[in-house]
Amino acid sequence: MLEAGTKAPNFTLPDKDGNTVSLSDFAGKTVVLYFYPKDSTPGCTRQALGFAAEYEALKAAGAEVIGISKDSVSSHQKFSEKQGLPFILLSDTELEAIKAYDVWQEKKMYGKVSMGVVRTAYIIGGDGVIEKVMPKVKPDTNAALVLEYLNGRGK
C-alpha cells in the first residue's frame, strides 16, 4: 500500500469509450482514485452505485472520481451504462496502475489463496501527492467516508 505523503504514480489508461486518461490530466484537482476487483459483481456494483449517489456532492467538494479495475474497456462500458455511472472507469488489463498503487495482493477466500485487487481508495491532492489512503474499504460505506473526509479537510 502506498502511504499518505507519497507522490501518486502517474498512469495512462483507456476509459470505457477507449479514450486515454492520465492522472496528470487532473493536475490542480483532487482525485478520488478507487480500485475494485470486478465489474458487475455485487460488492463492486454497490460501491460504484455509492459513488454515483454521492457524485454531485463529491464534485461540489472539488473532487473527480476515477474507478480502476482489470476489466476490459467493453466490460466497463456495459457496467457503466447498466448502472448509469457518471464518473470515469479505467481499464487496467496489464495491471500497470494496480501494481503501481500496490493493490495487487494475495487474497484468501474459502481457504484458497489467489492474487487479486484489494478494494482500496486513494485521495490525491491537486499537487499530485496522496493525501489519504483507505485500505480494504467496505463497498457500502466507501463513498460516504470519502465525502466525509473531503468535507472535513481544512476545518
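Build a GNM of the chain with springs between Cα atoms under 10 Å apart, and of S40, S114, S75 the one that fluctuates most is S114.
For the options A97, A61, A143, a Gaussian network treatment of the chain with springs between C-alpha atoms closer than 10 Å singles out A61 as fluctuating the most. Legend: P(r) of region 24-68 from all alpha carbon pair distances, 10 Å bins from 0, whole percents, reading 27, 49, 23, 1. The magnitude of the dipole of region 28-105, with charges of +1 and -1 set on the Cβ of Lys/Arg and Asp/Glu and taken from the Cα centre, is near 160 debye.
Of the residues A48, A63, A144, the one that moves most in a GNM of the chain with alpha-carbon contacts below 10 Å is A144. Counting other Cβ atoms within 10 Å, keep those with at most 11, restrict to DSSP loop, and tell me which chymotrypsin sites (Phe, Trp or Tyr not before Pro) in region 110-155 are left. Sparse-neighbourhood loop chymotrypsin sites (Phe, Trp or Tyr not before Pro): Y110. Region 1-49 and region 135-154 have their alpha-carbon centroids 15 Å apart. Relative intensity of the chain on a log10 scale, I(q)/I(0) at q = 0.13, 0.15, 0.17, 0.20 Å⁻¹, equals -0.54, -0.73, -0.96, -1.38, per a Debye sum over C-alpha point scatterers of equal strength in the absence of solvent.
Apolar share of the accessible surface for region 27-151: 53 percent from carbon plus sulfur atoms, 1.4 Å probe.
Counting only protein heavy atoms and a 1.4 Å probe, the chain has 50 square angstrom of accessible area per residue. Each residue of region 41-92 gets 65 Å³ once the volume of the Cα convex hull is shared out per residue. Using just its DSSP H runs of length 4 or more, each adding -39500 (n - 2.57), the chain gives a mean residue ellipticity at 222 nm of -8000 deg cm²/dmol after division by all residues.
The values are calculated or read from the model by the stated rules, or taken from the named source; none is laboratory data. Here the structure is a predicted model, which means the values were calculated and not measured. Note that we place each Cβ from the backbone using ideal geometry, even for glycine, and neighbour counts take in every protein chain shown. The protein model used for the area step is the full one, side chains on, heavy atoms only, and it has no ligands, DNA or RNA in it. Shrake-Rupley method; radii C 1.70, N 1.55, O 1.52, S 1.80 Å.
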